[in-house]
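The values are calculated or read from the model by the stated rules, or taken from the named source; none is laboratory data. From a predicted model like this one, the values you see are computed outputs, not experimental measurements. Cβ atoms come from the backbone with ideal geometry, glycine included; neighbour counts cover every protein chain shown. The protein model used for the area step is the full one, side chains on, heavy atoms only, and it has no ligands, DNA or RNA in it. Shrake-Rupley method; radii C 1.70, N 1.55, O 1.52, S 1.80 Å.
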Amino acid sequence: AVGAQAVPAEAVAPAGVTSLSADTSLSAAGVTGQAGTADEFDGADCVVGPGAPGTDARLPDPFTRNDGTRITAKADWECRRAEIKKHAEDTIYGAKPAAPQSVTGTVSRTGITVNVSDQGRSTSFSASVDLPSGSGPFPAVVVLGGFGADTATIKNSGAAVISFDPYVAGAEGTGRSTKRGAFYDLYGSSSSTGLLVAWGWGVSRIIDVIERSDGSILRTDSFGVTGCSRFGKGAFVTGAFDQRIDLTMPVESGTAGAPILRGVATESGAQPLSSGYGEQPWLGDAFGSHVNNPAGLPVDTHSVIGMIAPRGLFLMENPSVDWLGARSGSVAALAGREIYTALGVTSNISYVSDVADGTHCANRAEWRAPMQASIQKFLLGTGNAPGVFRVAPSKSGNLADWRTWTTPQLS
Ligand code: MCU
């Protein structure tokens with residue numbers, strides 16, 4: 001097709017094996033938040049020790065390894081993050097499989113097609129593209145779902161919008177053993193992996209196609225993700241599980257999104273864990289045994305924020321709807337910010353919940369400037385990380401109530 005580029009039908013090298021690019025996850029480029037090449041997830045050569053269940057109603061120490069030692073250097077985060085990822089997969093979300101054997105597709109000015117095969121099974125899906133003004137190539141923000149994301153601000157900031165319907169990757173309304181969508185076409189309808197990882201997997205395959213395109217329309221190295229409500233949960237998990245995403249912007253994600261799971265379990269009016277697990281198969285099947293025992297989780301969402309660190313993160317929450325658990329969201333952000341601080345990039349995380357309009361998924365003026373600054377810094381490489389942290393007084397959690405650990409000075 002005119003304007004479309006075929007992507008070579010080559011197999012994807014396993015993460016950590018490709019020599020295409022240096023690992024920038026904790027390099028200078030990664031720490032300063034510049035867009036750049038990275039693997040889907042680094043840490044393939046880390047030894048992930050056997051983990052133990054959690055034992056505390058407060059947040060586990062993200063800096064203590066599975067073997068009980070504490071990390072001492074920023075460079076240690078890569079392998080600690082790999083341990084956190086394994087725990088998060090095993091107990092909260094379900095596993096995200098290694099990169100599939102083949103991903104091909106096309107990028108045009110209006111759309112992206114994706115064909116994926118793995119272990120003898122194949123599937124395809126597509127997403128639409130809406131370019132900003134200017135000549136490009138442009139960075140792109142993947143918008144999950146059709147509402148609640150400020151696409152005007154994304155485009156005005158100089159990024160393309162990729163609209164992706166997450167339900168093509170993982171449908172809602174199924175049972176846990178009858179899951180449907182492109183992810184489950186490949187990995188089976190009774191896969192124990194929940195929808196949020198399935199949605200993120202879809203975004204990762206879109207990135208595969210862009211990464212291997214000629215880069216004339218969309219940049220091959222600069223990606224963001226956003227979405228509101230259930231798609232805010234999806235944006236959060238998508239960013240955590242793909243380090244090629246330079247900027248993650250979850251909106252009003254609620255239970256199963258950014259708010260600490262230990263917190264929503266007790267926060268007045270917040271969506272209970274049983275509902276977050278049961279309303280849709282968003283979380284992995286394994287979370288079923290933690291619905292009534294969040295203290296037994298070896299990690300919590302502050303550590304999932306640590307999977308995103310040091311990359312750009314802008315969390316947006318709504319204090320007016322109790323169901324959304326914004327107090328637990330503030331604790332996740334405060335605790336997660338300690339990881340950013342330890343890595344020397346405190347301003348790479350922003351959080352804004354002191355918003356006037358209480359309507360769920362409203363387009364809010366308070367979020368525009370930090371969103372624009374985040375896109376400029378993390379996707380275009382201009383200006384400074386916003387480092388905005390504004391918590392609604394009505395839903396302000398106290399980190400000291402939730403931790404016994406201190407934040408290390410990492411070398
Ligand atoms: C906050 O996201 C969800 C919430 O978890 C659900 O309980 C509710 O039914 O839907 C919200 C949502 O996605 O709203 C658009």
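Out of the total accessible area of the chain (probe 1.4 Å, heavy atoms of protein only), what percent is carbon and sulfur?
Ligands and nucleic acids excluded, carbon and sulfur reach 51 percent.
Out of the GluC sites (Glu not before Pro) in the range 276-378, which ones are loop residues according to DSSP with at most 15 other C-beta atoms within 10 Å?
The qualifying sites are E279.
Accessible area per residue, 1.4 Å probe, Å², for the range 188-297: what's the number? If you can, show how the numbers build up before the last one.
Working: 2180 Å² over 110 residues.
Per residue, the range 188-297 has 20 Å² of solvent-accessible surface.
From the C-alpha gyration tensor of the range 41-94, pull out the three semi-axes of the equivalent ellipsoid (sqrt of 5λ each), sorted largest to smallest, in whole Å.
So the three semi-axes of the range 41-94 are 17, 15, 9 Å.
With every atom except the alpha carbons ignored, what do you get for Rg and Dmax of the range 176-317, in angstroms?
Final numbers for Rg and Dmax: 15.6, 51 Å.
Taking Cα pairs under 8 Å and at least six residues apart, what relative contact order does the range 313-411 come out at, in percent?
Result for the range 313-411 is 37 percent.
Here is the link list: K179/K377; K85/K377; K74/K233; K86/K155; K96/K377; K96/K395. Which ones come out longer than 31 Å on Cα distance?
Pairs exceeding the cut-off: K179/K377; K86/K155; K96/K395.
May I ask you to evaluate 6.51 cos²θ - 1.76 cosθ + 1.60, the Karplus curve with θ = phi - 60°, for each residue of the range 114-127 and list the ³J(HN,Hα) values in order in whole Hz, giving x for glycine and proline?
These are the phi-based 3J(HN,Hα) values: 9, 10, 10, 10, 7, 6, x, 10, 9, 7, 9, 7, 9, 9 Hz.
Along the principal axes of its C-alpha atoms, what lengths does the range 278-358 span, in descending order and rounded to whole Å?
36, 33, 19
When a/c reaches 1.5 or more, the comparison of a/b and b/c decides; with that in mind, is the range 343-406 rounded, prolate or oblate per its Cα gyration tensor?
oblate
So which chymotrypsin sites (Phe, Trp or Tyr not before Pro) in the range 92-156 end up in coil per DSSP with only 14 or fewer other C-beta atoms within 10 Å?
F147
Quantify how much of the Cα-Cα distance distribution of the chain extends past 32 Å, in percent.
So the portion of pairs separated by more than 32 Å is 27 percent.
Can you grab the distance from the C-alpha centre of the range 43-122 to the C-alpha centre of the range 137-156, Å, no decimals?
25 Å
Using Cα pairs closer than 8 Å and at least 6 residues apart in sequence, work out the relative contact order for the chain, in percent.
19 percent
Expressed as a whole number of Å, what is the distance separating the alpha-carbon centroids of the range 187-252 and the range 351-411?
So the separation of the two Cα centres works out to 21 Å.
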